[in-house]
Amino acid sequence: MTKKIAVIGIGNFGAHLCATLARQGAEVMAIDNNINNLDDVKDQVTFTVRLDSTEESALRAQGIVDFDAVVVGIGDNFEAALLTVAALQNLGVKRIIARATTPTHERILRHLGVTEVISPAVEAAERLADSLLYQGVIDSLELSSDYSIVEVNAPDAFVGKTIGDLELRERFNVNLITIKRIERETRVFGLRSRNVEKILGLPTPDMQVKAGDILVLFAQKRAIRRLCNAE
């Protein structure tokens, strides 16, 4: 079943979110009070609506309560973001996700009862910190202050060995979710070829690690650090 997502506030964050959701098959309604912002995404989303999101009646008229989730991505006017959240709560929207640009904003939103608060700048800084501190880390998703899902370049010491040989849980206390592998794919008639990223699915003990593989891991940060330094 197609997900219906409304994104309120179409700045850089909102526009990127709309484009990503649309690419993944969601029905997306982009909402903003600036027509120029809506023009930037009108060819990517299902429909755009220009309105003042602090007005409860305007949101109701768009059937906002029927959406699976509403993301409040307003970043330059926190008062408007708060009033929008309050309007959505009054209407009974089933899932509200709000963007916070500062720790203080996050505390206020949580005090209002918003359980899903995102801080894009903070999360980007944490991912950058991981890539700087841990050798081989490509990307990371912090699930808590201690646990993360990370993508790591397979250490040289792992290349040529099977998952069973590596004993990742026993030696490093990490869980391997899957392996990403770049493979060369030849197009029709062999005229052209291109690199394609493939997900190898659930790992099996006899699966062999190759040079260039990316390991997708779930673990505590200290365990990931230990694995990245493996020899």
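The values are calculated or read from the model by the stated rules, or taken from the named source; none is laboratory data. Keep in mind the model is a prediction, meaning the values are calculated, not measured. So basically every Cβ, Gly included, is an ideal-geometry build from the backbone, and we count neighbours across all protein chains shown. Protein only, heavy atoms only, side chains kept; ligands, DNA and RNA dropped before computing areas. Shrake-Rupley method; radii C 1.70, N 1.55, O 1.52, S 1.80 Å.
Can you name the helices (runs of 4 or more DSSP H) wholly within region 110-178 that have at least 2 residues being more than 20 Å from Gly201 (Cβ to Cβ) and either of a type in the set (Val, Ile, Thr) or at pLDDT 90 or above (or both)?
168-172
Of everything in region 57-68, what is among the acidic types (Asp, Glu) and open to solvent by 60 Å² or more (accessible area, probe 1.4 Å)? Give them in sequence order.
Within region 57-68, Asp66 is the sole residue that qualifies.
Go through region 73-105 residue by residue and tally those that are closer than 23 Å to Met1 by Cα and in a strand (DSSP E or B).
The total comes to 2.
Could you list, in sequence order, the residues of region 106-120 that are over 20 Å from the mean Cα position of the chain (by Cα), open to solvent by less than 60 Å² (accessible area, probe 1.4 Å) and of a type in the set (A, V, I, L, M, F, W, C)?
Leu109
Checking Glu79 against (1) open to solvent by less than 60 Å² (accessible area, probe 1.4 Å); (2) over 22 Å from the mean Cα position of the chain (by Cα): exactly one of these is not met. Which one?
Every listed condition holds for Glu79 apart from (1).
Filter region 52-68 down to the residues that are outside any helix (DSSP H, G or I), more than 11 Å from Ala87 (Cβ to Cβ) and in contact with a strand residue (DSSP E or B) (Cβ under 8 Å, 6 or more places away or on another chain) and list them by number.
Taking region 52-68 as the starting set, the residues that turn out to be outside any helix (DSSP H, G or I) are 52-55, 62-63, 67-68.
Imposing the further condition that a residue be more than 11 Å from Ala87 (Cβ to Cβ) reduces the set to 62-63, 67-68.
Listed by number, the residues that qualify are Gln62, Phe67, Asp68.
Are any residues in region 158-177 among the small types (Gly, Ala, Ser) and surrounded by fewer than 13 Cβ atoms within 10 Å (Cβ to Cβ), and if so, which ones?
Result: Gly160, single match.
For region 89-105, what are the residues that are of a type in the set (Ser, Thr, Tyr) and surrounded by 14 or more Cβ atoms within 10 Å (Cβ to Cβ)?
Thr101
In region 12-45, what count of residues is obtained for those that are of a type outside the set (Asp, Glu), open to solvent by less than 80 Å² (accessible area, probe 1.4 Å) and not in a helix (DSSP H, G or I)?
9
So the check is Cβ under 8 Å with 6+ separation or different chains; which pairs have a first residue in region 1-29 that's more than 17 Å from Val85 (Cα to Cα) and a second one that's among the charged types (D, E, K, R) and surrounded by 23 or more Cβ atoms within 10 Å (Cβ to Cβ)?
Phe13/Arg99
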